[in-house]
Structures are given as structure tokens and as C-alpha cells.
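Remarks on the structure that follows.
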Amino acid sequence: FPDLYKIHQDCCRKLGVSPEPELILIHADGVFNALAARFLNRHYVVLYSDVVDALADNKDSLAFYIGHELGHIRRNHLLWGPLLAPAKLVPLLAPGYRRAQEYTCDLHGLYCCASPDAAVKALSALAVGARRWKEMDAAAYAEQGDLTRGFWMSYHEYIGSYPWLVKRIMRVRAGGRADVLPRRNIFAALPALLDMRFIL
């Protein structure tokens, strides 16, 4: 996969990640994901083959996935994770920190793309799958972000370690601006304080 490796090299150069992490491609039975890993003081970027296949004609969108994972490495999330493990016992703080990591890494992925549209396409594949993302109306999808102001969606985001995907798409569509994101319902924070599922 020479094109994929070149995208990886370009992203490393743009983000100033050196030495280059090893790029690994694996089959995961249809799962759409990518991840960064650290083992024996070496870093790895792992791409799932279905993501690569779905975006094969959109190299710039693949750069988003690679840039996102390089963001975890560049911001030392893999190193700080074990050191901050005790914070996982703090309600709201622990999942909030994890969500902030994802937003930060989305900005790294966006920086590796030539346009926000490529980043939106990358996240659209996560939203609707390998084929349907080409037909997805990103603007209409992003309009659903207002629903996240509701009590229950806010509650589940407060205890969740990932932001709602619609909010991630809203932010990259806006070129990374955070002010486009709807606020969560503050009343949902109280029961979220008592919910300990976030530590699992």
C-alpha cells in the first residue's frame, strides 16, 4: 500500500511526529476504526482495512484517520493514560477528559486534510458505513446536533468517553471551531455525577 504509507509520511511531517510510528493494517471483520498503540517504547498507528477500502478513492479522508491517531501520539495520550488512571474514579472529569482527547485528535486529523470536507467524509463513514457515506447529506446530519441539548442525550454524553459523532462532524465542518457545538443540558450533570458506569 504505497499510497497509504505516503499519506502516513505526509501526516507525520505536517504534525512534526518523529520518529514515524509504524503503520499497521489489519482486517477486523467489518469494524470501522483506527487506533494508536504504544509497546516497548515504540508507537504504532493501526488502521482497519474496511476503513481503508471504503475511503480508497478519498486519500485526503484517509489522512484524517491517520492524523487523528497521530494526534494521540503527539499529545502523549498513550503515555499519560496510565499515569492519570486514578482520575478515572472522578465523575464527569474522567469521561470529559477522554472526550477532550477525541476533539483534540480530530483537530490533528483536520490539519492533515486539504479541506474540512475531507474530514467530514471520513467521519461520515463512521456514521453510516462503507457505502452509504457517499450519499450522506452532511449538512442535514449536522443539523441533528441541536438534539444533543436534550436531557438524555446530555446525560449519556456526560458519562460517555466519546463525544456524539454529530458534534464531531459539526466541529470539523466548521474548520475546528468549538463555538458551533450546542451546550449540554446542565441538569443532566447531577445524575451523571452518581452514575459510575464511566469507570468500566
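Quick notes on this structure:
- Residue match in region 91-100 (condition: of a type in the set (Phe, Trp, Tyr) and in contact with a Cys (Cβ under 6 Å, 6 or more places away or on another chain)): no
- One residue from Asp57, Asp53, Asp10, Asp29 being of a type in the set (D, E, K, R) and open to solvent by less than 90 Å² (accessible area, probe 1.4 Å): Asp10
- Number of residues in region 172-193 that are buried (at least 18 other Cβ atoms within 10 Å of the Cβ), closer than 25 Å to Val90 by Cβ and in contact with an Asp or Glu (Cβ under 7 Å, 6 or more places away or on another chain) equals 1.
- Residue that is modelled with the lowest pLDDT, among those in region 73-84 that are out of contact with any Ser or Thr (no Cβ under 9 Å at 6 or more places or on another chain) and open to solvent by less than 40 Å² (accessible area, probe 1.4 Å): Gly81
The rows are residues; the columns are (1) open to solvent by 60 Å² or more (accessible area, probe 1.4 Å); (2) assigned to a helix (DSSP H, G or I).
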{"site": "Gly109", "(1), (2)": "no, yes"}
{"site": "Cys113", "(1), (2)": "no, no"}
{"site": "Ala118", "(1), (2)": "no, yes"}
{"site": "Ala125", "(1), (2)": "no, yes"}
{"site": "Trp133", "(1), (2)": "no, yes"}
{"site": "Ala139", "(1), (2)": "no, yes"}
{"site": "Glu143", "(1), (2)": "yes, yes"}
{"site": "Leu147", "(1), (2)": "yes, yes"}
{"site": "His156", "(1), (2)": "yes, yes"}
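- Annotation: of all residues in region 158-171 being in contact (Cβ under 8 Å) with a residue 60 or more places away in the chain and closer than 19 Å to Ser115 by Cα, the one that is surrounded by the fewest Cβ atoms within 10 Å (Cβ to Cβ) is Arg168.
- Pair list, Cβ < 7 Å and 6+ apart or interchain, from region 97-113 residues that are over 15 Å from Cys11 (Cα atoms) to residues that are of a type in the set (A, V, I, L, M, F, W, C): Tyr97/Ala87
- Qualifying positions in region 99-156 - of a type in the set (S, T, N, Q) and more than 27 Å from Leu70 (Cα to Cα): Gln144, Thr148, Ser154
- Inside region 1-21, residues that are under 14 Å from His72 (Cα atoms) and either free of Cβ contacts under 8 Å to residues at least 40 places away in the same chain or polar (S, T, N, Q) (or both) make up a count of 2.
The values are calculated or read from the model by the stated rules, or taken from the named source; none is laboratory data. Given the structure is predicted, the values throughout are model-derived calculations rather than measurements. Ideal geometry is used to build each Cβ from the backbone, glycine not excepted, and the neighbour counts take in all protein chains shown. Note: areas computed on protein heavy atoms with side chains; ligands, DNA, RNA excluded. Shrake-Rupley method; radii C 1.70, N 1.55, O 1.52, S 1.80 Å.
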